[in-house]
Every structure is written in C-alpha cells, then in structure tokens.
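As structure tokens, the structure follows; a few thoughts come after it.
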Amino acid sequence: MISRRVTETAVGFFMLAGLAALLMLALKVSGLYALVSTEGQYHITAKFTDIGNLKVRSRVTVSGVTIGRVSRIALDPKTLQAVVSMNVNDTIKDLSSDSVASIYTSGLIGDNFIALETGPSEDRLKDNSEIEETNSAVILEKLIGQFLFNQANSSKEKS
C-alpha cells in the first residue's frame, strides 16, 4: 500500500513539473516571458505625439532585428504625449544617446513597431534613459483625410 502511494505522489510531482515546463514554454513562445522577466534587459523610454496602433509587447528593432519589446504605454499629463517604455536586451550596448525612435508599420495594415536608429554620439543609453528625438506614427486615415481636404480646397480655388 505504501509503494502505491509513493508512486502516485511521484507521478503527481512529475505532472506538476511537466505543466510548469509547458507554461514556461508558452510564455517564451508568446513573447510574454519578456514582460514577466526583465533579467538581461535594460529600460528606456521615449515620448511620441501619436503612437498610432502601437501596443504593449510590440517589437523594438535596430536595422530590422528585434532587440526588445514595448513594456508600457502611458500618457504624460503635462505634455499630453504618449510615454512608451521599452525593455531592450542588455547585449545591445551600442545605442547612442542621440538615437532616434520612430514608429513604423509592418506592411500596409500590419502591426506598429519601434525602430531605433543610432546617432554619432559617443555617449550611450543606459538603464532608465530617455530617447529625446522621436518620429510619431504615420496614420493612413490622416493622410487620406489631408489628401481629400487638399483636393476639395484646390477644386474650390479653381472655380
């Protein structure tokens, strides 16, 4: 009777370990692991006037290579700008302090992401640094609206 109980307990522990491993694998594959664990990462922020459809967990890239993820998006109550917090892999140490953060869209109607372009400065971004120069998202609906507005105004002027 005791050996049966020991066997059942061992199977129970084995099942729990398997479920924990599956949970870790799911977090790693989904990209949520980067939000749960900030080990091996440093934190930078940037302010934008318009973030478009940028979301938490969006990619942060340099030269098209993903180096981090957006960890938080908030609104600065004084400037009414979006404050985007990013976690960047600490293996990327060459981001200059005059780097530029731009919001791009992958594809015509794809997800937004942040692309970082490094500048010539010798100073480097450190943990809790802020990127000063940013380029906000280009919103397709705004461009179409401006185009239609300009077309309407030019046709009124011709009349």
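Here, each number is a calculation from the coordinates, and none is a lab measurement. Worth saying up front: this structure is predicted, and the values here are computed from it rather than measured. Here the Cβ positions follow ideal geometry from the backbone for every residue, glycine too, while neighbour counts run over all protein chains shown.
Brief remarks on what is shown
- Residue-by-residue Karplus 3J(HN,Hα) for region 57-63, coefficients 6.51, -1.76, 1.60, Hz, glycine and proline x: 5, 5, 5, 10, 10, 10, 6
- ARG5, ARG124 arranged by Cβ crowding within 10 Å, fewest neighbours leading: ARG5, ARG124
- Counting charges near SER102 (Lys, Arg +1; Asp, Glu -1) among other residues having Cβ under 15 Å from its Cβ returns a value of -4.
- Based on C-alpha pairs under 8 angstrom that are at least 6 apart in sequence, region 74-145 has a relative contact order of 31 percent.
- In the chain, taking the dipole from charged Cβ atoms about the Cα centre, the farthest positive-side position among PHE147, SER3, VAL62 is held by SER3.
- Sequence-distant residues sharing a close amide H with LEU95 (under 5 Å, placed H): LEU125
- The chain: calculated mean residue ellipticity at 222 nm from DSSP helix runs of at least 4, using -39500 (n - 2.57): -11000 deg cm²/dmol
- In this structure, the amide hydrogen of ASP111, modeled 1.01 Å from its nitrogen in the peptide plane, lies closer than 5 angstrom to those of SER106, counting only residues at least 5 positions away or on a different chain.
- Rounded to two decimals, the Cα radius of gyration of the chain over 2.2 N^0.38 Å is 1.54.
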